[in-house]
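See below for the structure under consideration.
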Amino acid sequence: MHIQRLSLEVGSLAARGTAVVIDVFRAFTCEPLLYYCGVEDIILEPDIGRCLSMKGEYIRIGEHNEIPIEGFDLTNSPYHILKHGRAFFEGKRVIHRTTSGVTGALNALEHADEVLLASFINAAATAEYILNHRPELVSIVAMGTRSVEKAPEDEYCGDYIESLLADRSYDHIAAVRDIIAHETAQKFLRGDKPYLPPEDTVLCLLLDMTGFALKVRKESGFVHSVMTTR
């Protein structure tokens, strides 16, 4: 199994084989938590207008360059998702729009054999899925900030997944130290923007809290993320 490391939008476009698209802050921390809260289906949709046109059919969750989108039900926040809880989400369908993670996953889907969605919260489950399938090529894509600037949380998550695939060492304490010192975490920790709650940083840095991988599937004109353990 060959592993290639890629980053940002250009990396998502270059991904081949089994692509692992990483967005720790916050898209692909949100999606495992949504399934934990009982969501039935998640659609990845980059077009804001299309999301808004589906009023009543889906809970609309998303952001544009981190700013909440008018007309959406929730912003892209793990803390706000958990705050609403299972009673709000159970049995519902979600349409999810984000600047980096969602668009990166759709880019990768154009050329890769399959696309997995990852963050720290489901990293081990993602690696286990890959090890069970043993693809010839794995493309680990760290989406970074707005897909244009590398972010330590995504790069370190890529390190962790690679360590699990290649039996290498990884130090999550050292990773957290570097991540929380960086602006990508500090903008949450300052607590001066209600749509960037400090609690998101804690939730996004939790390791292996869910036991399933997320795989992208195209169906009936939509792209879905689905839970898989096989």
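A short reminder: the numbers here are calculations on the coordinates, not readings from a lab. Fair warning: this is a prediction, and the values are worked out from it, not measured in the lab. With ideal geometry, Cβ positions are generated from the backbone for all residues, glycine too; neighbour counts draw on all protein chains shown.
Kindly indicate the residue of the stretch 163-189 that is polar (S, T, N, Q) and free of Cβ contacts under 8 Å to residues at least 40 places away in the same chain and also nearest to Tyr79 (Cα to Cα) among those meeting that condition. Among residues in the stretch 163-189 that are polar (S, T, N, Q) and free of Cβ contacts under 8 Å to residues at least 40 places away in the same chain, the one nearest to Tyr79 (Cα to Cα) is Gln186.
For the stretch 87-99, the condition holds for no residue, the condition being that it is out of contact with any Lys or Arg (no Cβ under 9 Å at 6 or more places or on another chain) and either closer than 27 Å to Glu155 by Cβ or hydroxyl-bearing (Ser, Thr, Tyr) (or both). Pairs meeting the criteria (first residue in the stretch 129-148 and in contact (Cβ under 8 Å) with a residue 24 or more places away in the chain, second residue among the aromatic types (Phe, Trp, Tyr) and not in a loop (DSSP other than H, G, I, E, B), beta carbons under 9 Å, at least 6 apart or on different chains) are Ala142/Tyr156; Met143/Phe28. Each residue in the stretch 51-84 was checked for being more than 19 Å from the chain's Cα centre (by Cα) and either small (Gly, Ala, Ser) or crowded, with 24+ Cβ neighbours inside 10 Å (or both), and 3 pass.
Yes/no matrix, rows are residues, columns are (1) of a type in the set (Val, Ile, Thr); (2) under 24 Å from Asp73 (Cα atoms); (3) touching a residue at least 12 places away in the same chain (Cβ under 8 Å):
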site: Cys157; (1), (2), (3): no, no, yes
site: Ile161; (1), (2), (3): yes, no, yes
site: Gly191; (1), (2), (3): no, yes, no
site: Pro198; (1), (2), (3): no, yes, no
site: Asp208; (1), (2), (3): no, no, yes
site: Val226; (1), (2), (3): yes, yes, yes
